[in-house]
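Asks: Here it is: the structure, laid out below.
The values are calculated or read from the model by the stated rules, or taken from the named source; none is laboratory data. Treat the numbers as computed from the prediction; the structure is a model and nothing was measured. Methodologically, a virtual Cβ is constructed for each residue, glycine included, from the backbone with ideal geometry; neighbour enumeration extends over all protein chains shown.
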Amino acid sequence: MLQATNLSYSYPGGETLSFPDVHCAAGETRLLLGKSGSGKTTLLQLLSGLRSPTTGTINIQGTELGSLSTGALDRFRGQHIGMVFQTAHFVRALSIEENLVLCQQLAGKPSDKGRIRDLLEQLNLAGKARSLPAALSVGQQQRAAIARAIINQPALVLADEPTSALDDENTNQVVALLQEQAAAVKATLLIVTHDNRLTSIIPQQTRL
Amino acid sequence: MNLLALAWKNLTYKPLSALLSVLLFALSIGLVSLLLNLREQADQQFDANLAGIDLAVGAKGSPLELTLNSMYHVGYATGNITLEQAKPFFNPRHPIVEDAIPLSVGDSYRGYRIVGTIPKILSWYEAEVAEGEVWNADFTVTIGAEVAAANNLSIGDTFKSNHGIIDEGADNIEHDDDFTVVGILAPSGTVMDQLVLTTSQTYWHAHDHGDGDHANHDHEGEDHAGHDHGDEDHSGHDHEGEDHAGHDHGDEDHSGHDHKGEDHAGHDHGDEGHAGHDHSGHDHHDHAHDEDPLEVLLKENPEQEITSVLVKYKNASSFQALNFPRNINENTELLAANPAYEISEVRRQFDSGQRILGILVLAITVVSALSIFIALFNSLRERRYELALLRVMGAGRPKLFGLILLEGLMVAIIGYVLGLLLSHGILYLMAANIKDDFRYNLDPTHFMAEEAWLLFGALAIGFLAALFPATQAARTDIGETLVEGS
């Protein structure tokens, strides 16, 4: 499903990072572990097409990311990749529901209020659909971010330190939800983290 | 959730900052629109009231005052001139003058000026009688559309005039005579809308009695004996007195008056009130209607006074015509003013004022464009992560560019609409004041073609102000931004 081979990235400053190959099967959950500065976030951005690798290729579901134009890459990302970040960010002027509608539309899909309602209910956010993101707690925001990552039923969900800002209780909840939701849409889940709380939960691990 | 809705939500998310940009923009658009409107409407009224008139002739004084008073009916008269002095301009064989109209001014009715003249003035101003007829006898009036509407006057109504031209309310000195409305003009967009038109002779009659300013003519309690020129008591004041006395209201029978051979002798101002001016029941009834009112006027006592003469040239560009005003000014006791020239002087004053205002408007426009720019740029810094997020969600660079551009254009459009409301609101408030003071009609509901162009100007400014921030948004390096954000 996901094959990243021979990846390296040169920063504008001149520093070059090489990454181990990553191969994931469909529906698999895998941790990418590494210390700070080991380029975890950079790898994630390479995998999502937010940065172009200096060498190597990334193939997602048979599509070679390097072969896509900028616009096509944006569309591909919108349709096939969901992302969760360390801190949840939203379009601040839109309610949670509107953010999710926007996400559907930007991916070129019809807005499906029913799916949004169901998803928010599963994530225990049913009452927050019409709230602005700023009105939610950090844990609620991260759950809403999960909703956004999987709303379009992507093939790949990339999570960048999704739990580092959360307490234990929220961490367990968020990881469980991530796995559960990824499984529900049969997505491959790739979590970049240095959070040891996760290593005991997820056995498939790649060290950088 | 299309781009337009998203832009709107973004704009209203920080309402105060958006409001500041919008208000500044509205101020700039509003001032431009206000200046354009004032200028256009002033030009229009100046032009309409020029009415092809090449020259105003009156008593010595300020040429601008003469122009304003005779053409625009603003300010005070420079003085009066005698019929004798005015006569040459009415000579049909005059080498330069094509046509001329006498004017007598000085009285008013509730702030609307009463002008003694001949009906030909209507054709000069392209005014038409909507209802009734033109004034055909002394103390009959044809009134402008606005006079009729403002004072609720209709055909057959009567009113008393005020001495002087300013409506002084309760302190007005009223003349005793009743004016009868015989006609109402259709609106012409000229000063005619605001005038009460009657005969020149009416002025003499109205000022003959009652005020005491013709004190040497002691009409009070005097009877026909006064017209007996053999009577030694009155020998000292019969130079002008005959005409005045001739219309001595209250007397029974003036049949003996000598109107310079003109048989107005039958005018009976007595028992019938002013009906006598209608010539009704008189044997020269038809004659009076057939005769040119100008001819009648010119046959009056040459010592009688009018205020000014409006003149049209045969050929305004001829050498003689160009020198005509100077000849009059240097060689006669009269003042000749070229209205077009005087008005262009006034306009020049206007223009220099407008230039200063124009610079001010330009400054405000620059500031308002800057405010849009700064507001967008600041919000861009705050929203970098959000913009990167949009890219992550699948929005391409053109979409981000469009989004920021739309936010700028939205401010411009809202500012434009508010600005027009502002300027026309101000025009509405000004209209009421200006009409009374300057006899100048502002139409606050009139929208100009230029104001449509102003929309394009507004959009261009919005576009330019948003261009750089939008470019920045499109260029956002999502990778870098996401690293910073996390």
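Asks: Test each condition in (1) away from chain A (no Cβ under 14 Å); (2) more than 21 Å from B:W124 (Cα to Cα); (3) aromatic (F, W, Y) for B:F46 and report the one that comes out false.
Replies: Just one mismatch for B:F46, condition (2).
Asks: Of B:Y341, B:Y313, which residue is of a type in the set (F, W, Y) and either surrounded by fewer than 18 Cβ atoms within 10 Å (Cβ to Cβ) or in contact with a Ser or Thr (Cβ under 6 Å, 6 or more places away or on another chain) (or both)?
Replies: Numbers: B:Y313 fails: either surrounded by fewer than 18 Cβ atoms within 10 Å (Cβ to Cβ) or in contact with a Ser or Thr (Cβ under 6 Å, 6 or more places away or on another chain) (or both).
Result: B:Y341 is the single residue among B:Y341, B:Y313 that is of a type in the set (F, W, Y) and either surrounded by fewer than 18 Cβ atoms within 10 Å (Cβ to Cβ) or in contact with a Ser or Thr (Cβ under 6 Å, 6 or more places away or on another chain) (or both).
Asks: Please name all residue pairs, on different chains or six or more residues apart, with Cβ atoms under 7 Å, provided the first residue is in region B:125-154 and is over 19 Å from B:M71 (Cα atoms) and modelled with pLDDT under 90 and the second residue is of a type in the set (K, R) and surrounded by fewer than 16 Cβ atoms within 10 Å (Cβ to Cβ).
Replies: B:N151/B:R110
Asks: Going by what's in this entry, would A:A126 be described as in contact (Cβ under 8 Å) with a residue 40 or more places away in the chain and among the small types (G, A, S)? Talk me through it step by step, then tell me what you get.
Replies: Values: in contact (Cβ under 8 Å) with a residue 40 or more places away in the chain: no; among the small types (G, A, S): yes.
The answer is no for A:A126.
Asks: Let me ask something else about it. Listed residues A:Q204, A:Q181, A:Q141; which is closer than 27 Å to A:L32 by Cα, touching a residue at least 12 places away in the same chain (Cβ under 8 Å), out of contact with any Gly (no Cβ under 7 Å at 6 or more places or on another chain) and surrounded by fewer than 20 Cβ atoms within 10 Å (Cβ to Cβ)? Before the answer, list the steps.
Replies: Details: A:Q181 fails: surrounded by fewer than 20 Cβ atoms within 10 Å (Cβ to Cβ); A:Q141 fails: surrounded by fewer than 20 Cβ atoms within 10 Å (Cβ to Cβ).
Unique residue meeting the criteria: A:Q204.
Asks: Before we move on, is A:T193 surrounded by 21 or more Cβ atoms within 10 Å (Cβ to Cβ) and either closer than 30 Å to B:N10 by Cα or modelled with pLDDT of 90 or more (or both)? Give the steps one after another, and end with the answer.
Replies: Details: surrounded by 21 or more Cβ atoms within 10 Å (Cβ to Cβ): yes; either closer than 30 Å to B:N10 by Cα or modelled with pLDDT of 90 or more (or both): no.
When the stated conditions are applied, A:T193 does not pass them.
Asks: Filter region B:99-133 down to the residues that are surrounded by fewer than 19 Cβ atoms within 10 Å (Cβ to Cβ), touching a strand residue (DSSP E or B) at 6+ places or on another chain (Cβ under 6 Å) and in a loop (DSSP other than H, G, I, E, B) and list them by number.
Replies: B:E133
Asks: Here's a follow-up. Would you say A:V157 is outside any helix (DSSP H, G or I), on the phi < 0 side of the Ramachandran plot and within 14 Å of another protein chain (Cβ to nearest Cβ)? Outline the logic, then answer.
Replies: Working: outside any helix (DSSP H, G or I): yes; on the phi < 0 side of the Ramachandran plot: yes; within 14 Å of another protein chain (Cβ to nearest Cβ): yes.
When the stated conditions are applied, A:V157 passes them.
Asks: Which condition number in (1) within 13 Å of another protein chain (Cβ to nearest Cβ); (2) part of a helix (DSSP H, G or I) is the one that A:N152 fails?
Replies: The failed condition is (2).
Asks: Restricting attention to region A:29-61, report how many residues are more than 18 Å from A:N152 (Cβ to Cβ), assigned to a loop (DSSP other than H, G, I, E, B) and either in contact with a Phe, Trp or Tyr (Cβ under 8 Å, 6 or more places away or on another chain) or modelled with pLDDT of 90 or more (or both).
Replies: Here is the first cut: in region A:29-61, the ones more than 18 Å from A:N152 (Cβ to Cβ) are A:29-46, A:51-59.
Checking the rest, the ones that are also assigned to a loop (DSSP other than H, G, I, E, B) come to A:34-39, A:51-54.
With the extra rule that they be either in contact with a Phe, Trp or Tyr (Cβ under 8 Å, 6 or more places away or on another chain) or modelled with pLDDT of 90 or more (or both), the set shrinks to A:39, A:51, A:53-54.
Total satisfying the criteria: 4.
Asks: Inside region A:107-128, can you point out the residues that are assigned to a loop (DSSP other than H, G, I, E, B) and more than 14 Å from every other protein chain (Cβ to nearest Cβ)?
Replies: Residues of region A:107-128 assigned to a loop (DSSP other than H, G, I, E, B): A:107-112, A:123-125.
Result: A:L123, A:N124, A:L125.
Asks: Do we find a residue being touching a residue at least 24 places away in the same chain (Cβ under 8 Å), among the β-branched types (V, I, T) and within 14 Å of chain A (Cβ to nearest Cβ) anywhere in region B:352-375? Steps first, answer last, please.
Replies: We begin by selecting, within region B:352-375, every residue touching a residue at least 24 places away in the same chain (Cβ under 8 Å); these are B:354, B:357-358, B:360-361, B:364-365, B:367-373, B:375.
Now restrict to residues that are among the β-branched types (V, I, T): B:361, B:364-365, B:367, B:372.
Those left that are additionally within 14 Å of chain A (Cβ to nearest Cβ): none.
No - not one qualifying residue is present in region B:352-375.
Asks: Could you please let me know if A:T42 is within 9 Å of chain B (Cβ to nearest Cβ), surrounded by fewer than 23 Cβ atoms within 10 Å (Cβ to Cβ), under 24 Å from B:K399 (Cβ atoms) and hydroxyl-bearing (S, T, Y)?
Replies: Details: within 9 Å of chain B (Cβ to nearest Cβ): yes; surrounded by fewer than 23 Cβ atoms within 10 Å (Cβ to Cβ): yes; under 24 Å from B:K399 (Cβ atoms): no; hydroxyl-bearing (S, T, Y): yes.
No; evaluated as a whole, the condition is false for this residue.
Asks: Before we move on, is B:I404 within 14 Å of another protein chain (Cβ to nearest Cβ), part of a helix (DSSP H, G or I) and at pLDDT 90 or above?
Replies: Working: within 14 Å of another protein chain (Cβ to nearest Cβ): yes; part of a helix (DSSP H, G or I): yes; at pLDDT 90 or above: yes.
Taking the combined requirement at face value, the residue satisfies it.
Asks: Let me ask something else. Out of the residues in region B:1-37 that are assigned to a helix (DSSP H, G or I) and free of Cβ contacts under 8 Å to residues at least 60 places away in the same chain, which is surrounded by the fewest Cβ atoms within 10 Å (Cβ to Cβ)? Step through it out loud before you land on a result.
Replies: Of the residues in region B:1-37, the ones assigned to a helix (DSSP H, G or I) are B:3-13, B:15-37.
Add one more test, that the residue is free of Cβ contacts under 8 Å to residues at least 60 places away in the same chain, and what stays is B:5, B:9, B:12-13, B:15-16, B:19.
Working: B:A5: 12, B:K9: 17, B:T12: 12, B:Y13: 17, B:P15: 10, B:L16: 7, B:L19: 15.
Applying the filter and picking the extreme gives B:L16.
Asks: Answer with yes or no whether A:L33 is out of contact with any Pro (no Cβ under 8 Å at 6 or more places or on another chain) and touching a residue at least 40 places away in the same chain (Cβ under 8 Å). Quick ask: steps written out before the conclusion?
Replies: Details: out of contact with any Pro (no Cβ under 8 Å at 6 or more places or on another chain): yes; touching a residue at least 40 places away in the same chain (Cβ under 8 Å): yes.
The answer is yes for A:L33.
Asks: Okay, next question. Right, B:A395: within 14 Å of chain A (Cβ to nearest Cβ) and in contact with an Asp or Glu (Cβ under 7 Å, 6 or more places away or on another chain) or not?
Replies: The answer is yes for B:A395.
Asks: Also: So the check is Cβ under 8 Å with 6+ separation or different chains; which pairs have a first residue in region A:73-100 that's more than 19 Å from A:L44 (Cα to Cα) and a second one that's at pLDDT below 90 and assigned to a loop (DSSP other than H, G, I, E, B)?
Replies: A:R92/B:R383; A:L94/B:M1; A:E98/B:M1
Asks: Can you tell me which condition B:S379 does not meet? The list is (1) within 14 Å of chain A (Cβ to nearest Cβ); (2) assigned to a helix (DSSP H, G or I); (3) out of contact with any Ser or Thr (no Cβ under 8 Å at 6 or more places or on another chain), and all the others hold.
Replies: (3)
Asks: Related question: Residues that are out of contact with any His (no Cβ under 7 Å at 6 or more places or on another chain), assigned to a loop (DSSP other than H, G, I, E, B) and over 30 Å from A:G13 (Cβ atoms): does region A:72-84 have at least one?
Replies: Within region A:72-84, none of the residues are out of contact with any His (no Cβ under 7 Å at 6 or more places or on another chain), assigned to a loop (DSSP other than H, G, I, E, B) and over 30 Å from A:G13 (Cβ atoms).
Asks: Quick one: what pairs do we get from region B:447-469, first residue farther than 13 Å from B:E407 by Cα, second among the β-branched types (V, I, T) and part of a helix (DSSP H, G or I), C-beta under 8 Å, 6+ apart or different chains?
Replies: Close Cβ pairs (under 8 Å, with a partner that is among the β-branched types (V, I, T) and part of a helix (DSSP H, G or I)) amount to B:L454/B:I29; B:L454/B:V32; B:L455/B:I413; B:G457/B:V32; B:A458/B:I29; B:A458/B:I413.
Asks: Within region A:81-106, which residues are hydrophobic (A, V, I, L, M, F, W, C), more than 7 Å from every other protein chain (Cβ to nearest Cβ) and under 12 Å from the mean Cα position of the chain (by Cα)?
Replies: Hits for region A:81-106 are A:I81, A:V84, A:A88.
Asks: For region A:1-28, give me the residue count where each residue is hydroxyl-bearing (S, T, Y) and either in a loop (DSSP other than H, G, I, E, B) or free of Cβ contacts under 8 Å to residues at least 12 places away in the same chain (or both).
Replies: First, the residues of region A:1-28 that are hydroxyl-bearing (S, T, Y): A:5, A:8-11, A:16, A:18.
With the extra rule that they be either in a loop (DSSP other than H, G, I, E, B) or free of Cβ contacts under 8 Å to residues at least 12 places away in the same chain (or both), the set shrinks to A:11, A:18.
Looking only at that region, the number is 2.
Asks: Hey, can you tell me all the residues within region A:80-91 that are surrounded by fewer than 21 Cβ atoms within 10 Å (Cβ to Cβ) and modelled with pLDDT of 90 or more?
Replies: If the condition is that a residue be surrounded by fewer than 21 Cβ atoms within 10 Å (Cβ to Cβ) and modelled with pLDDT of 90 or more, then A:H80 is the only one that fits.
Asks: While we're here: Just to be sure, is A:A165 in contact with a helix residue (DSSP H, G or I) (Cβ under 8 Å, 6 or more places away or on another chain) and either closer than 12 Å to A:L31 by Cβ or part of a helix (DSSP H, G or I) (or both)? Quick ask: steps written out before the conclusion?
Replies: Working: in contact with a helix residue (DSSP H, G or I) (Cβ under 8 Å, 6 or more places away or on another chain): yes; either closer than 12 Å to A:L31 by Cβ or part of a helix (DSSP H, G or I) (or both): no.
Here the answer is no, as A:A165 does not meet what is asked.
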